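What follows is calculated from the coordinates using simple rules that are stated; it is not laboratory data. This one's a predicted model, so the numbers in the text were calculated from it and none came from an experiment. Because the Cβ atoms are built from the backbone with ideal geometry, glycine has one as well, and the counts that use them run over all protein chains shown.
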Amino acid sequence: MLEIKDLVKKYGKFTAVDHLTVSVEKGAICGFVGPNGAGKTTTMRIMAGLLSATSGNVRIDEVDVIQNPRALREKIGYMPDFFGVYDNLKVTEYMDFYAGAYGIAYKERKPIIDNLLEIVDLAHKKDSYVDSLSRGMKQRLCLARSLVHDPELLILDEPASGLDPRARIEVKEVLKQLKELGKTIMISSHILPELAEMCTEICIINQGKLAAQGSVQEIMQRLSHKRIIHVQPLGEKEALLRVLKEQPLVRIVSENTKDVAFDFTGTDEELANILKQLVLAEIPLLSFREKEGNLEEVFMQVTGGQSV
Amino acid sequence: MMNPVLRREAITSLRGWKNYAVVTFYILMMAMGAGLFFYGSVFQSYRYSFDPQSMVYLYITLAAIQMALIVLSVPALTAGSISGERERQTLDLLLVTKLSPLSIVVGKLLSSMAFVLLLIVSTLPVFSIVFYFGSLGIDSLLTLICFTLTTAFMLGGISVFFSCIYRKTVVSIMLVYIVTGVLCFGTLILVLMPLMVRGDGQVNAVATLLKIIPNPGVGFFSLIDNQIGTNILNRGLYLYAISSNNSFLYWAVSNLWLLHMAFQLVVGFVFAALAAALINPMGEHGSKQKSAKTKKKKSEA
């Protein structure tokens, strides 16, 4: 569906996007993550045909965005990170204006607009003035606007930025509906847990370069070089610590109040062997579990600790 | 299908009070001009009499006020068209639609022209005083309206062009006024300079004509001159500047206002096309301009 190949964008000597190569399958929801200044917005603007690239190409359904930007406008729905609305325009008129701008015939507009306002839960506000809506409502309206021509690919740049938790949940619900409708979505967000929850894959971009791409689990497995295992003994920890320190694949053992944690670099079979040895040593255990990694930790690791 | 930008502008502009205030002010200015004319020509005259022929001068007064108001108001109405979209952060949303940059610019320009037409039509009752006394035909008024509209079109085109370059509307307005000033006075100086230097009237006729055609003041004067039949400009120009036996030059001098209208239309279209090229995000101009202005923002993304 989407192929970004060797994309470069330079502003004088500054390289905003540096030989970026990303591919997204049809129907996928791809989270675009990176610290401030990583080149997320620049890449998304190039994809939307709002910015020319220095080199490289972006293809959507085998059509080059850079060579043929106008032909792709009906395939792409774009929602920028910052956007404004017009004064003195009602919600339906706002939608009607963009429907007209996408060349939708006048007679066909009403059912489309009504349906989209239902999806974004703004049907009750259709006669309200756009500038009187709350930030969250404007965000949802902009999302509806980007869907007015039924695009195959949605490019959403920070759709939940500046929203309160309730409004964020509402936007997330809309995105879930769009996922069910089979839209391919490229979304950038600084709320990593939300991305991990709704995205089928993640692209981590740092200093304009692709740092990692794949499903959340794949990335975490690939980038987490060590596994942290927590063992909770029943009673004294001395025997447990003694056995663990004898194991060659156990690197660091740290003692917590309730349990003992250790870094492990071996395979699942080797881990099972350690558990077997603890049982053979007759050390009573309450739990033996691997700590689940999260996207934030992976992100911090990949980007060298820079904030999103 | 109606241009969506024009349609939206028509809806939003007529909802606010500002444009009603502009129309009211415009009509008041015209009515005041007519009132002062009557006060000066009828009530302050020696015999307190009324000469219907003097209505020609009322026509000139009203036409001049209208022209001045249009020259002043068009930049103010149009110079914020694209910069306003940028300030409102709605330009990107427009550029990702199927609308071409040219249709966006044309929509903006047409909405300004529609408002100018509204202003002109709203002053027709004031103009009707002139026609009530039968001094001039309706064709004269229609020609004047066409001339005013082409002037508005040229100024609108230049205003949209500057609006694409500068973020601040005030800067665009000032630049359009400067361009208008250069067209009015700069071209006049260019025409008069050789005459003053040589003193014998032996100047290049074609060059003089080419210098005078862009002048909106001369164009307007030429139109009025033709309509009321005084032919001051024609005789003056032909005798002192263009003296030549060339029949085309004679026709050109006699119909300077027509040539000026053509010039205004060409300039309007050229600037509209340039404006469209400037906002085209994938065009060289657009991308360079955008990159310069939003470089900092991009680097933060």
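Between the residues B:S73, A:G235, A:L195, the greatest Cα displacement towards the positive end of the dipole of the protein assembly as shown, with unit charges on the Cβ of Lys, Arg, Asp and Glu, is found for B:S73. A simple count of charges around B:N3, restricted to other residues whose Cβ falls under 12 Å of its Cβ and scoring Lys, Arg +1 and Asp, Glu -1, yields +2.
Among the trypsin sites (Lys or Arg not before Pro) found in the stretch A:200-287, those both in a DSSP coil and sparsely packed, with 14 or fewer other Cβ atoms within 10 Å of their Cβ, are A:K226, A:K258.
Taking a straight Cα-Cα cut-off under 12 Å and skipping sequence neighbours fewer than 8 places away in the same chain, the aspartates and glutamates within cross-link reach of A:K107 are A:D96. Go through A:K176/B:K98; A:K237/A:K276; A:K110/B:K18 and tell me which ones have a Cα-Cα distance over 22 Å in this structure. In this structure, A:K176/B:K98; A:K110/B:K18 exceed 22 Å between Cα atoms.
Using equal-weight Cα scatterers in the Debye expression, the normalised intensity of the protein assembly as shown in log10 at q = 0.05, 0.06 Å⁻¹ is -0.37, -0.49. Springs between Cα atoms under 10 Å define the GNM used for chain B, and in it the highest mean-square fluctuation of B:S247, B:S81, B:S140 occurs at B:S247. Averaged over the residues of A:35-47, the number of partner chain Cβ atoms lying within 10 Å of the residue Cβ comes to 3.
State, as an integer percentage, the relative contact order of the stretch B:9-280 based on alpha-carbon contacts under 8 Å between residues 6 or more apart. In percent, rounded to a whole number, it is 24. Report, in listed order, any pair from A:K10/A:K209; A:K126/A:K179; A:K5/A:K40; A:K90/A:K125 with a Cα-Cα distance greater than 18 Å. In this structure, A:K126/A:K179 lie more than 18 Å apart at Cα. Placing dummy labels 7 Å off each Cα toward the beta-carbon, the span from A:T267 to A:E236 is 3.6 nm. If only the Cβ of Lys and Arg carry +1 and only the Cβ of Asp and Glu carry -1, the dipole of chain A around its Cα centre is close to 740 debye.
Taken along the Cα-to-beta-carbon direction at a fixed 7 Å, the label points for B:V270 and A:T200 span 5.4 nm. Using C-alpha pairs under 8 Å with a sequence gap of at least 6, the mean separation divided by the residue count of the stretch A:2-215 gives a relative contact order of 31 percent.
Summarising the label geometry, the points placed 7 Å from Cα in the beta-carbon direction at A:S55 and A:L285 lie 5.4 nm from one another.
Could you give the distance between the Cα centres of the stretch A:161-195 and the stretch A:73-121, to the whole Å? First find each Cα centre; the distance between them is then 19 Å. The share of C-alpha pairs in chain A whose separation exceeds 31 Å stands at 44 percent.
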